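Asks: Below you will find the structure I want to go over with you.
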Amino acid sequence: MLMTKSTGNAYDVALENFDTAADAMGLDKDTREMIKYPERILMVTVPVRMDDGQIHRFEGYRVQHSQVRGPAKGGIRFHPQVTLDEVKALATWMTWKCAVVNIPFGGAKGGITCDPKHMSKGELERMTRRYTSAILPLIGPEQDIPAPDVYTNSQTMAWIMDTYSMTKGYPIPGVVTGKPISLGGSLGRNEATGRGVFYTIQCACEHLKIPLKGATVAVQGFGNAGSITAQLLHEAGAKVIAVSDSTGCIYNRNGLNIPELIHMKTLVGHVEGFPESEPLEPADLLALNCDILVPAALENTVHAENAATVRARIVAEAANGPLTPAADRILEAKGIFVIPDILCNAGGVTVSYFEWVQDEQHLFWEAQDIYDRLERVMKTAFRDVLKIHLDRNVSMRIAANILGIGRVAEAVQIRGIYP
Ligand code: GLU
């Protein structure tokens, strides 16, 4: 199954990528000690009365990796494979991600080890509210602002906002982003990750002189990020020839009808069986002869054992951490252009920032305004990363980390150490 990641430890990957970039930029030991590790870790027990009347105990986490440049920021994941190390890795990446797009946030992440696909809406609501209550001391609009991630959505955020607000005694929409519009959410937030991925793919195609119109694309993972990226690429005239999700994989050499595929996925919950497509082994999707590969599922899906099969010219990391360092080295040796996660998928948190600003100001912006600002932020970040990549002759991942880590390092050096 595709939404299952390989056994590699994402936190080891996060630490290794940090060290590689820190070495490349000659970062001093004291600064490394200050910024490398999570600042706060909270593990919580989440007891929930299930629909059958029994109480089930879930484990939850909230990790604040950094508050150096601003309040901690990052999503909450509901997935059977959530572990503390995974949440630590994802929180670490949020810190560098926010710095790469230069928004005034640090990094955080939360998660509950659970199987949301086999829980009722009532069970999910009770679990979300109890978890919110358990992490309440850490979160707040000026401290730490959760958002959606894998298998959480605007409804989850509404429950968190309500639980937090009821406890405090007044409405506090700025405690989460990715909310429904009717609760102070932002236009364009739901599509923001995919839209940001799309802008960075546009930049990469321009840089490599690959026309986007007619380019062939394979998308691994068809959740929020994967489906919106596919939709925007389809609208731009690219041919999405293969798509996979946690249950299967489909292929059509002439291009899949993405709007219809999204419609079917919304109705039946999976992509398998889509008309005018043939089934494909999920492992074969990675090896397709295509221009752009978009890993949009979980961590470590491209690793030492399968990276050599990748034939795409561009790999756009819509997911967090889909490539292991070993995979990175193999793709680099093959001359494949990787748009690293902390740049590629930063559109989500960027529009989260816009949402938070709008909530704080009680003044809401128009959709076109959001798209224009997002495009500017993403394309500026791409240009900045590309410049480091070319000037220093380092991979795009190292370049993005040099930019992000460098900004956090600068902030921590100016702040100094307390006491
Ligand atoms: N979960 C998303 C990410 O990994 C968005 C986080 C946010 O908006 O705070 O970037």
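The values are calculated or read from the model by the stated rules, or taken from the named source; none is laboratory data. These figures come from a predicted structure and were not determined experimentally. Note: ideal-geometry Cβ built from the backbone for every residue, glycine included; neighbour counts use all protein chains shown. Surface areas here come from the heavy atoms of the whole protein model, side chains and all, with no ligands, DNA or RNA. Shrake-Rupley method; radii C 1.70, N 1.55, O 1.52, S 1.80 Å.
Asks: Out of all the residues in the stretch 107-132, which are without any contact (Cβ under 8 Å) to a residue 60 or more places away in the chain and touching a strand residue (DSSP E or B) at 6+ places or on another chain (Cβ under 7 Å)?
Replies: Within the stretch 107-132, G107, A108, K109, G110, G111, T113, C114, P116 meet the criteria.
Asks: Would you pick out the residues in the stretch 273-285 that are part of a helix (DSSP H, G or I) and either surrounded by fewer than 22 Cβ atoms within 10 Å (Cβ to Cβ) or without any contact (Cβ under 8 Å) to a residue 24 or more places away in the chain (or both)? Walk me through how you get there before you give the answer.
Replies: Step one: of the stretch 273-285, the residues part of a helix (DSSP H, G or I) are 282-285.
Answer for the stretch 273-285, where residues must be part of a helix (DSSP H, G or I) and either surrounded by fewer than 22 Cβ atoms within 10 Å (Cβ to Cβ) or without any contact (Cβ under 8 Å) to a residue 24 or more places away in the chain (or both): P282, A283, D284.
Asks: Which numbered condition trips up V82, out of (1) open to solvent by 10 Å² or more (accessible area, probe 1.4 Å); (2) free of Cβ contacts under 8 Å to residues at least 60 places away in the same chain; (3) aliphatic (A, V, I, L, M); (4) farther than 25 Å from P104 by Cα?
Replies: With respect to (1) open to solvent by 10 Å² or more (accessible area, probe 1.4 Å); (2) free of Cβ contacts under 8 Å to residues at least 60 places away in the same chain; (3) aliphatic (A, V, I, L, M); (4) farther than 25 Å from P104 by Cα, V82 is out only on (1).
Asks: Among the residues of the stretch 157-183 satisfying the criterion of being in contact (Cβ under 8 Å) with a residue 40 or more places away in the chain and surrounded by fewer than 24 Cβ atoms within 10 Å (Cβ to Cβ), which is nearest to K379 (Cα to Cα)?
Replies: G174
Asks: For residues that are touching a residue at least 60 places away in the same chain (Cβ under 8 Å) and touching a His at 6+ places or on another chain (Cβ under 7 Å), scanning just the stretch 208-247, find the one that is most open to solvent (accessible area, probe 1.4 Å).
Replies: Among residues in the stretch 208-247 that are touching a residue at least 60 places away in the same chain (Cβ under 8 Å) and touching a His at 6+ places or on another chain (Cβ under 7 Å), the one most open to solvent (accessible area, probe 1.4 Å) is T247.
Asks: Here's a follow-up. Output the helices (runs of 4 or more DSSP H) that fall wholly within the stretch 300-419 and possess 3 or more residues being farther than 28 Å from G8 by Cβ, or say none.
Replies: Passing ranges, in order: 347-361, 367-392, 396-415.
Asks: Same structure, new question: Filter the stretch 97-115 down to residues that are more than 18 Å from T350 (Cα to Cα) and open to solvent by 20 Å² or more (accessible area, probe 1.4 Å) and give me whichever is nearest to the ligand (Cβ to nearest atom).
Replies: Result: T113.
Asks: If I filter the stretch 123-144 for residues that are under 19 Å from the mean Cα position of the chain (by Cα) and either open to solvent by 10 Å² or more (accessible area, probe 1.4 Å) or within 16 Å of the ligand (Cβ to nearest atom) (or both), do I get at least one hit?
Replies: Within the stretch 123-144 (the criterion being under 19 Å from the mean Cα position of the chain (by Cα) and either open to solvent by 10 Å² or more (accessible area, probe 1.4 Å) or within 16 Å of the ligand (Cβ to nearest atom) (or both)), the answer is yes, since at least one residue qualifies.
Asks: Next question, about the same structure. Mind checking which residues of the stretch 184-198 are open to solvent by less than 10 Å² (accessible area, probe 1.4 Å) and assigned to a helix (DSSP H, G or I)?
Replies: Scanning the stretch 184-198 gives A192, G194, G196, V197.
Asks: Looking only at the stretch 49-96, filter to residues that are away from the ligand (no atom under 16 Å from the Cβ) and assigned to a helix (DSSP H, G or I); which one of those is farthest from P137 (Cα to Cα)?
Replies: D85
Asks: How many residues are open to solvent by less than 80 Å² (accessible area, probe 1.4 Å) and more than 27 Å from L232 (Cα to Cα) if we restrict to the stretch 362-400?
Replies: Counting residues in the stretch 362-400 that are open to solvent by less than 80 Å² (accessible area, probe 1.4 Å) and more than 27 Å from L232 (Cα to Cα) gives 3.
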